[in-house]
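The values are calculated or read from the model by the stated rules, or taken from the named source; none is laboratory data. Remember, it's a predicted structure, so these values are computed and weren't measured experimentally. Glycine gets a Cβ as well: all are built from the backbone with ideal geometry, and neighbour counts include every protein chain shown.
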Amino acid sequence: MEINNDLATVQMLGLKLPTDPRWVNLAEMDLVDILTDHAYCEQKAATSCISLIQSYPEKIEMVKALAPIVTEEWGHFRLVLAELEKRNLPLGRQRKDEYVNALLGFQKKGGSREDRLVERLLICALIEARSCERFRLLSLYINDDHLKEFYHKFMVAEAGHYVLFIELAKKYGEEDQVKARWKEYLAFEADLMKDLELRGDRMH
């Protein structure tokens, strides 16, 4: 693998730890599992944006920015379903997402509505950043030319979403505090990645 390029991508996204290069090999051993998990990740991304809109309808710029993301993420869900169908693979059952649950557990409780909004936006940004990094690995190293192109498109989309969520967090929070909290999230996520079992049936 192009380790230097992989590290550069991680640094560009702000991530502190690159994915173990063995992950792609594990993921392609049973495509039904990784595609199933990917499908549910897209579904949850859409519902997270819907939840933000429902919780903060007064944040007009955020609502306008996230409304098309809902459509895009649901479209991604349908694309993954179509990929499963094309390969005669079933959509499996949704599994517990230890990665996302750990990030949610790291949220600061209490504070103002704006404080809680920033926390949610930073978590969304971090999930998108890690997804972007992993989609890039699949786009480069999976032994399936169609899936390489398939995941390149997802990588580009996730990069844009990551930037959007960071920008929204800075808009609704005090920029220096947002930057400081983002560093805390990145450090926590790096430790989390070290502790989580390396599994090919999980997108995170």
query: Does any residue of the range 173-181 turn out to be of a type in the set (Lys, Arg) and touching a Gly at 6+ places or on another chain (Cβ under 9 Å)?
result: yes
- line: Residues in the range 107-128 that are within 10 Å of the chain's Cα centre (by Cα) and surrounded by fewer than 21 Cβ atoms within 10 Å (Cβ to Cβ) total 1
field: Meets criteria (assigned to a helix (DSSP H, G or I), within 18 Å of residue 155 (Cα to Cα) and modelled with pLDDT of 95 or more) for residue 45
entry: yes
query: Checking residue 145 against (1) under 18 Å from the mean Cα position of the chain (by Cα); (2) within 27 Å of residue 25 (Cβ to Cβ), which single condition isn't satisfied?
result: (1)
message: Can you go through 131, 139 and tell me which one is part of a helix (DSSP H, G or I), in contact with a Lys or Arg (Cβ under 6 Å, 6 or more places away or on another chain) and either at positive phi or surrounded by 17 or more Cβ atoms within 10 Å (Cβ to Cβ) (or both)?
response: 139
query: Among the residues of the range 54-61, is there at least one that is in contact with a Ser or Thr (Cβ under 6 Å, 6 or more places away or on another chain) and either surrounded by 18 or more Cβ atoms within 10 Å (Cβ to Cβ) or of a type in the set (Asp, Glu) (or both)?
result: no
message: So in the range 184-204, with the set limited to residues that are assigned to a helix (DSSP H, G or I) and of a type in the set (Gly, Ala, Ser), which one is farthest from residue 33 (Cα to Cα)?
response: 187
task: Just name the residue that is nearest to residue 126 (Cα to Cα) out of those in the range 152-175 that are among the aromatic types (Phe, Trp, Tyr) and buried (at least 21 other Cβ atoms within 10 Å of the Cβ).
output: 162
- request: Would you check which residues across the range 11-42 are of a type in the set (A, V, I, L, M, F, W, C) and in a helix (DSSP H, G or I) and list them?
  value: 12, 13, 23, 24, 26, 27, 31, 32, 34, 35, 39, 41
message: If I filter the range 87-96 for residues that are surrounded by 19 or more Cβ atoms within 10 Å (Cβ to Cβ) and part of a loop (DSSP other than H, G, I, E, B), do I get at least one hit?
response: no
statement: Residue pairs within 6 Å by beta carbon, gap of at least six or interchain, first lying in the range 60-78 and closer than 16 Å to residue 155 by Cα, second assigned to a helix (DSSP H, G or I) and not small (Gly, Ala, Ser), listed first then second, are 69/49; 73/42; 76/42; 77/42; 77/43
